[in-house]
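The values are calculated or read from the model by the stated rules, or taken from the named source; none is laboratory data. Quick caveat: nothing in here was measured; it's all calculated off a predicted structure. Cβ: placed from backbone, ideal geometry, glycine included. Neighbour counts: every protein chain shown. Accessible surface is based on the protein model in full, side chains and every heavy atom, while ligands, DNA and RNA are left aside. Shrake-Rupley method; radii C 1.70, N 1.55, O 1.52, S 1.80 Å.
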Amino acid sequence: MVKRYGYFEALKGINLNIDEKEIFALVGPNGAGKTTTFKIISTLLLPTMGQVKVFGYDTVNESDKVRKIISYLPEEVGVYKNITGYEYLDLIASIYFGNSSEYSKALELGIEVANLGSRIYDKMKNYSKGMKKRIQLARVLMTKPKLAILDEPTTGLDFEYSYEIRKIILEYNKKFNITFLVSSHNLQEVETISSKIAIIKGGLIMEYGSIDDLLEKYQVKNIEELYIKIIKGS
Amino acid sequence: MRKLIKKEILDLIRDPRIILPFIFAPIIFLVLGGIASQSVQSTVSEIVEPSLIKVNIIYEEKIPQDFINYLQNVSEKEKVIIYFTQKEKDISNILKETDYDVYILIPKGFFEKIERKETGEIYTFSKTTEFRLGSITGIKEIRVVRIIENYIKEKYINSTEILNFISRPLNYYSLVYLPSKNLLVSSQSLSSLFFGIFIASIIILSLGAIIMQISSTSTAIENEYKTLEILLLLPISRFKIFLAKLIGTFIVSMIGLSLFLIGFVFYLYLLFFSVTQPTQNLPFISIAIDPFSLALLIASFVISLLFMASLGVIIGALSNDVRLANTLIGPVFILLFFPAFYIIILTPSSPIKDILMSIPFLQTLIFSKEILLTNFKITHLIYLINSLLIILVLIYIIGRIFSLETLLNLQNKISRRFKKRI
Ligand SMILES: Nc1ncnc2c1ncn2[C@@H]1O[C@H](COP(=O)(O)OP(=O)(O)O)[C@@H](O)[C@H]1O
Ligand SMILES: [Mg+2]
């Protein structure tokens, strides 16, 4: 697919195939087009050319259906300042599940992921950056989406929060068979959570496949060398 | 220091958001001045170049022939056409059924008083269905009163009678008849009424601005805090998301304004009672404000709030931060302000009025002005339905464009225009 912002071509031609139940990582420098790609997949933006299918649904013509099965964690997470974390999760649970039994299960799950203790009853304006991310991650996972799209979920967080988030991603991938699409520029992180990656630069996919295959193809020992070789080699 | 001041000035001058209000202010005054002067002009031209007026003199008992002769002699010079009516019915019936510029009621015993060289008393009436600055000055009445005064003065000019009588041979009471309400009020209280309504209109205007502010801020904050993306991805139609935002703002505004609304209704009644105090033996068939009119006014008010709230949501959605939203409110509000001021000061004539009456908010201003002078009819209900339709169409259109793709495009266009220098 191709995406232009006015005259600027942010995505020059992206072609990806992500399998069900895998944790797929999109890696690339700032401005490569990761966020733009994610916004198109999550139906927020329209592709200028080409199309995206999520579990068979077209993101343009069947965006309603796509939205029902995905969850998106934006790069810059925002929160409603005067609402408590609990109220927020409660709102999301009731929007998705109404009053059914699934509602209380989702809320429980959300509180578990957020793991904020009693601070969950605090207004979100008092949350630290890490806490805001946790609440948003809770929102994304509590509905057990088929596809969770996380845009740089650990960027700007301290080690402990980042570690926790990676742990949750792995755990929920196994437990609920959630497919993850994660972007990052932390290569160690990518290595720990995902088996398949795509390297994107200047709106183009430079290389894509399983990490092991790529290491072999480029004759390098680790993912860092791989990344440098691909980025520099272009 | 001087360098710093220069930097400060440059920085400010290059920010269009700072400059815009300064450019707008003189334009506003130019336009407002034009509107106001038009109203003053019609009054002034009436003084400089008196128009031909039709006068109905209503008498309770036979009037002397020399009085009739006098009026007929001067009628050409004074540019008046005089008609006489014997008062048999209620005065308000005469006012209702006929159409003259000025009515003069000469009560029983008037000419006897004049004979006794006591100051006589007469009543002047004019009919009005509209409300404007010039309509309550009573210039035409004064012209007729002067003619009658001159009659009395000429009659006694050669006799050496009491000075007081010569200098003031006549007292007159100026009244205005409101046909739709079948009500007489004094000219003085009508002008206070005018200012009462003027102030109420200003308050309604500022309330509109406040609501626009609330709703645009709450939407712009979604952009600023980056919560809009999440909102737009919820498994709810975007139209409903927009509607929820609108209704939310609307409810908050309504809670805040319910007190105002109660106060406003009270205010209208108080204004009304203050002008309907009975004056001597004159008939007052007061119906005050009828429930139908009041219901329409309140409905129109609620529709206006909804209108301002949706304008605010649009502005907020198009601004990527709260500051920009606040800046955009200015020009949008001014677009509404011009016709609003026009409505407050003048009464628009029919084709323009039909349009203005159908636009929410402007309609409320006209309604609140008219409710004191007329009882609302079925046409007012039609205007109300029109404005409701406009709102629904507006909401529908916004609901359709409420997607990130369109919003982003528009936001970029707007912020590029406004943020060139920041
Ligand atoms: N709304 C927009 N309008 C214009 N250009 C944009 C917009 N959003 C992103 N871009 C540009 O598109 C390119 C890709 O951006 P992005 O997808 O955010 O990259 P990444 O997430 O990989 O850092 C960048 O050069 C960025 O400046
Ligand atoms: Mg990004």
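It is to be established whether one or more residues within segment A:41-59 are within 16 Å of ligand 2 (Cβ to nearest atom), under 20 Å from residue B:408 (Cα atoms), touching a residue at least 12 places away in the same chain (Cβ under 8 Å) and part of a helix (DSSP H, G or I).
Start the filter on segment A:41-59 by keeping residues that are within 16 Å of ligand 2 (Cβ to nearest atom), which leaves A:41-42, A:44-45.
After this cut, where a residue has to be under 20 Å from residue B:408 (Cα atoms) as well, the list is A:41-42, A:44-45.
Adding the requirement that they be touching a residue at least 12 places away in the same chain (Cβ under 8 Å) leaves A:41-42, A:44-45.
Now restrict to residues that are part of a helix (DSSP H, G or I): A:41.
There is at least one residue in segment A:41-59 that is within 16 Å of ligand 2 (Cβ to nearest atom), under 20 Å from residue B:408 (Cα atoms), touching a residue at least 12 places away in the same chain (Cβ under 8 Å) and part of a helix (DSSP H, G or I).
Looking at A:107, A:44 in this structure, which one is touching a helix residue (DSSP H, G or I) at 6+ places or on another chain (Cβ under 8 Å) and more than 16 Å from ligand 1 (Cβ to nearest atom)? First the steps, then the outcome.
Values: A:44 fails: more than 16 Å from ligand 1 (Cβ to nearest atom).
Answer to the check: A:107.
Only residues that are free of Cβ contacts under 8 Å to residues at least 40 places away in the same chain, surrounded by fewer than 15 Cβ atoms within 10 Å (Cβ to Cβ) and assigned to a helix (DSSP H, G or I): list them for segment A:122-132, please.
Listed by number, the residues that qualify are A:126, A:129.
Taking segment A:1-13, which residues are in a loop (DSSP other than H, G, I, E, B) and modelled with pLDDT under 90? Let's see the steps before the verdict.
Taking segment A:1-13 first, the residues in a loop (DSSP other than H, G, I, E, B) are A:1, A:6-7, A:12.
Across segment A:1-13, the qualifying residues are A:1, A:6, A:7.
Inside segment B:294-338, can you point out the residues that are at pLDDT below 85 and either of a type in the set (S, T, N, Q) or part of a loop (DSSP other than H, G, I, E, B) (or both)?
Scanning segment B:294-338 gives B:319, B:320, B:321, B:326, B:327.
Go over the candidates A:156, A:202, A:209, A:233 one by one and state the one that is over 23 Å from residue A:70 (Cβ atoms), without any contact (Cβ under 8 Å) to a residue 40 or more places away in the chain and within 16 Å of ligand 2 (Cβ to nearest atom). If you could, list the steps in order and put the result at the bottom.
On the way: A:202 fails: without any contact (Cβ under 8 Å) to a residue 40 or more places away in the chain; A:209 fails: within 16 Å of ligand 2 (Cβ to nearest atom); A:233 fails: within 16 Å of ligand 2 (Cβ to nearest atom).
Just one listed residue meets the conditions, A:156.
Scan (1) within 23 Å of residue B:231 (Cα to Cα); (2) open to solvent by less than 40 Å² (accessible area, probe 1.4 Å) for the single condition residue A:146 breaks and write down its number.
Failing condition for residue A:146: (2).
If I ask for residues that are of a type outside the set (A, V, I, L, M), part of a loop (DSSP other than H, G, I, E, B) and away from ligand 2 (no atom under 13 Å from the Cβ), which ones from segment A:60-77 would you list? So that I can check it myself, show each step before the final result.
Filtering segment A:60-77 down to residues of a type outside the set (A, V, I, L, M) leaves A:61-65, A:67-68, A:71-72, A:74-76.
Imposing the further condition that a residue be part of a loop (DSSP other than H, G, I, E, B) reduces the set to A:61-62, A:74-76.
Across segment A:60-77, the qualifying residues are A:61, A:62.
Step by step: first the residues of segment A:6-32, then only those that are within 16 Å of ligand 2 (Cβ to nearest atom) and open to solvent by 90 Å² or more (accessible area, probe 1.4 Å), then the one that is farthest from the other protein chains (Cβ to nearest Cβ). Which residue is that?
Only one residue fits best here, namely A:30.
Let's see how each residue does on (1) away from ligand 1 (no atom under 14 Å from the Cβ); (2) on the phi > 0 side of the Ramachandran plot; (3) in contact with a Ser or Thr (Cβ under 8 Å, 6 or more places away or on another chain):
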site: A:51; (1), (2), (3): yes, no, yes
site: A:56; (1), (2), (3): yes, yes, no
site: A:68; (1), (2), (3): yes, no, no
site: A:88; (1), (2), (3): yes, no, no
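Out of curiosity, is residue B:404 within 16 Å of ligand 1 (Cβ to nearest atom) and either modelled with pLDDT under 70 or under 19 Å from the mean Cα position of the chain (by Cα) (or both)?
Details: within 16 Å of ligand 1 (Cβ to nearest atom): yes; either modelled with pLDDT under 70 or under 19 Å from the mean Cα position of the chain (by Cα) (or both): yes.
Yes, satisfied.
Residues to consider are B:261, B:233; find the one that is in the same structural domain as residue B:400 (by TED's automatic domain parsing), within 21 Å of residue B:200 (Cα to Cα) and not acidic (Asp, Glu). Before the answer, list the steps.
Numbers: B:233 fails: within 21 Å of residue B:200 (Cα to Cα).
Going through B:261, B:233 in turn, just one is in the same structural domain as residue B:400 (by TED's automatic domain parsing), within 21 Å of residue B:200 (Cα to Cα) and not acidic (Asp, Glu): B:261.
Which pairs do you get when a residue that is surrounded by fewer than 13 Cβ atoms within 10 Å (Cβ to Cβ), found in segment B:255-278, comes within reach of a residue that is modelled with pLDDT under 75 and aliphatic (A, V, I, L, M), reach meaning Cβ atoms under 6 angstrom, with the pair 6+ apart or on two chains?
none
Given the conditions (1) part of a loop (DSSP other than H, G, I, E, B); (2) of a type outside the set (Gly, Ala, Ser); (3) in contact with a Pro (Cβ under 8 Å, 6 or more places away or on another chain), which single one is not true for residue B:390?
Residue B:390 satisfies every listed condition except (1).
Restricted to segment A:98-117, and to residues that are over 20 Å from the mean Cα position of the chain (by Cα) and in contact (Cβ under 8 Å) with a residue 12 or more places away in the chain, which residue is nearest to the other protein chains (Cβ to nearest Cβ)?
Start the filter on segment A:98-117 by keeping residues that are over 20 Å from the mean Cα position of the chain (by Cα), which leaves A:98-105, A:107-108, A:116-117.
Subset that is in contact (Cβ under 8 Å) with a residue 12 or more places away in the chain: A:107, A:116.
Details: A:107: 16, A:116: 18 Å.
Of everything passing the filter in segment A:98-117, A:107 is nearest to the other protein chains (Cβ to nearest Cβ).
Of the residues A:149, A:200, A:135, which is out of contact with any Lys or Arg (no Cβ under 8 Å at 6 or more places or on another chain) and part of a strand (DSSP E or B)?
Going through A:149, A:200, A:135 in turn, just one is out of contact with any Lys or Arg (no Cβ under 8 Å at 6 or more places or on another chain) and part of a strand (DSSP E or B): A:149.
Just for helices (runs of 4 or more DSSP H) wholly inside segment B:63-123: which have at least 2 residues that are surrounded by 19 or more Cβ atoms within 10 Å (Cβ to Cβ) and at pLDDT below 85?
Values: elements: B:65-78, B:91-97, B:110-115.
Helices (runs of 4 or more DSSP H) meeting the threshold: B:91-97.
Within segment B:339-366, how many residues turn out to be outside any loop (DSSP other than H, G, I, E, B) and under 14 Å from the mean Cα position of the chain (by Cα)? So that I can check it myself, show each step before the final result.
The initial filter retains those residues of segment B:339-366 that are outside any loop (DSSP other than H, G, I, E, B), namely B:339-345, B:350-358, B:362-366.
Subset that is under 14 Å from the mean Cα position of the chain (by Cα): B:339-345, B:353, B:356-357, B:362-366.
Qualifying residue count, segment B:339-366: 15.
Could you list all residues from segment B:109-127 that are farther than 14 Å from residue B:139 by Cα and polar (S, T, N, Q)? Steps first, answer last, please.
Of all residues in segment B:109-127, those farther than 14 Å from residue B:139 by Cα come to B:109-123.
The one that is farther than 14 Å from residue B:139 by Cα and polar (S, T, N, Q): B:119.
Would you call residue B:336 under 24 Å from residue B:213 (Cβ atoms), open to solvent by 40 Å² or more (accessible area, probe 1.4 Å) and assigned by TED's automatic domain parsing to the domain that holds residue B:211? Let's see the steps before the verdict.
Working: under 24 Å from residue B:213 (Cβ atoms): yes; open to solvent by 40 Å² or more (accessible area, probe 1.4 Å): no; assigned by TED's automatic domain parsing to the domain that holds residue B:211: yes.
It is false that residue B:336 is under 24 Å from residue B:213 (Cβ atoms), open to solvent by 40 Å² or more (accessible area, probe 1.4 Å) and assigned by TED's automatic domain parsing to the domain that holds residue B:211.
For segment A:39-92: of the residues being of a type in the set (Ser, Thr, Tyr) and open to solvent by less than 30 Å² (accessible area, probe 1.4 Å), which is farthest from the other protein chains (Cβ to nearest Cβ)? Outline the logic, then answer.
Going residue by residue through segment A:39-92, those that are of a type in the set (Ser, Thr, Tyr) are A:42-43, A:48, A:57, A:59, A:63, A:71-72, A:80, A:84, A:86, A:88.
Remaining after also requiring open to solvent by less than 30 Å² (accessible area, probe 1.4 Å): A:42-43, A:59, A:63, A:71-72, A:84, A:88.
Details: A:42: 6, A:43: 7, A:59: 11, A:63: 9, A:71: 8, A:72: 5, A:84: 15, A:88: 10 Å.
Per the stated criteria, the residue is A:84.
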